[in-house]
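Down below is the structure, laid out as structure tokens.
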Amino acid sequence: MLDIDEMPSSNRRRRLGGVKEKPGITTDMNSMVDMAFLLLTFFMLSTTMYRPRGMELVMPVPDDVQTRAQEVQAVKASQALTLMALPDDRLYYYRGLPEASALRASNYNPDGIRAVLKAFVGETDKPVVLIKPHPDCSFQNLVTLLDEMNINRIGRYAIDGISQDELTLLQQLGMPLPPQ
Amino acid sequence: MRFNAVSRPKTPQIDMTPMVDMAFLLVTFFLLATTFKTGEVVGVQMPRSVAGLNLPMTDLLTISVDREGRAYLSMATPQARRAWLQRHGQVNQVAYTEEEYRAFEMLSGFGVPMTQLRALLQTPPEQRKRFRQPGIPIKGDKNELADWVVLARVTIPRLRVAVKADAYTPYKKVEDVINTLTDLNVLRFTLITQPKKMSDDAGY
């Protein structure tokens, strides 16, 4: 929409004190503004401000895993806590050596394993946590446990497989033994 | 002194020009900043975690693992993808055509054995959704995932590897991928998660 300025230019020139002016044509910008903001809104909404986020995981050197696990078991039995993530979101833990009397059930809620870890960190000098995910437990379970390590600031932890001792232990306790 | 005999209704005129300038500036910004999602190769429901650091948008190789344990690979930028495929062609003595390179550049991710890659690249983009991608072989006589990761590391020295597994994937499937990485001496990698609050329960 173009408007021819109705005000005679001589009139305006007088008012503006003789400043030279463009011809009296003004463009109606409203529709352009509408469109610009429409596009702006579209791009704002369609832009994914999403950036992938993740947690860092540092694995030990492969050859080292066995020796390290043995070391931890032999020397630090009193300072070690073992978490066993089993299928169907079941979680068991024990401190020290795998004995039936030490095995406890827990869960992934904040009042479950987090409280356990907090108490463990509080009373242990150099806490070591072994995470033993069962082959059939869900990935979320592992991530939750790794997350709890960060939350409780446990620097020394390792992911390891469930040992034969622990499997027989679970069997003895009448817990359904998941097929390997 | 002069009085107007007819009082003209005063219509306030707002100069829209700066506003238009600004609006188009912002439009341009968002236009350039937008990276349109190119449709992910596989839908993965990421596990939730409190901890989380931002990943870089470049130099990133993502290994997606779906619920059935199929592995898919996606490289962050088109340039990196092209260089990656060039390496792959050199090593495996496959002469990819320019069209195939272009298709690979546009491909956000793939999960096919090497033998099917050309067929996938030759499929028109609109039909690619229907192309059955069985995942990159990890087990068996040839661990192709390992090959791809090695090539990616050679192509991009500063490569960061991320594992994007579904929350419900059985651990053994993720373990296969992690073992593949540790065997290649990729000991530091990232598990992609989505943020949750500290107080939230373990829920998915």
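Provide a whole-number value for the mean count of partner chain Cβ atoms within 10 Å of the Cβ atoms in peptide A:108-116.
On the way: counts 3, 4, 5, 1, 2, 1, 2, 0, 0.
Rounded to a whole number, the mean comes out at 2.
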key: More than 19 angstrom apart: percent of Cα pairs within region A:64-172   = 38
query = In degrees between 0 and 90, to the nearest 10, how far off the longest principal axis of chain B does helix B:144-155 point, with axes built from Cα atoms?
reply = 60
request  = Within 10 Å, count the other beta carbons around each residue, average over each peptide in B:173-186, A:140-153, A:33-46, and list them highest first.
outcome  = A:140-153, B:173-186, A:33-46
key: Cα centroid separation - region A:101-140 against region B:163-190, whole Å   = 21
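Across peptide A:145-154, what mean number of C-beta atoms from other chains lies inside 10 Å of a residue's C-beta?
That average works out to 3.
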request  = Could you give log10 I(q)/I(0) at q = 0.13, 0.19, 0.20 Å⁻¹ for region B:48-195, computed by the Debye formula over C-alpha point scatterers of equal weight, without solvent?
outcome  = -0.57, -1.25, -1.38
Neighbouring partner chain Cβ atoms per residue of B:157-166, average, 10 Å criterion = 2
ask   = So if R0 is 22 Å, what FRET efficiency would B:Arg132 and B:Met57 give, r being the distance between their Cβ atoms, rounded to the nearest 0.05?
value = 0.15
Helix-only mean residue ellipticity at 222 nm for chain B, each DSSP H run of n ≥ 4 adding -39500 (n - 2.57), per residue, nearest 500 = -11500 deg cm²/dmol
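Just so you know, all these numbers are worked out from the coordinates, no wet-lab data involved. Note that the structure is predicted; figures quoted are calculated from it, not measured. Glycine also receives a Cβ, built like all others from the backbone with ideal geometry; neighbour counts cover every protein chain displayed.
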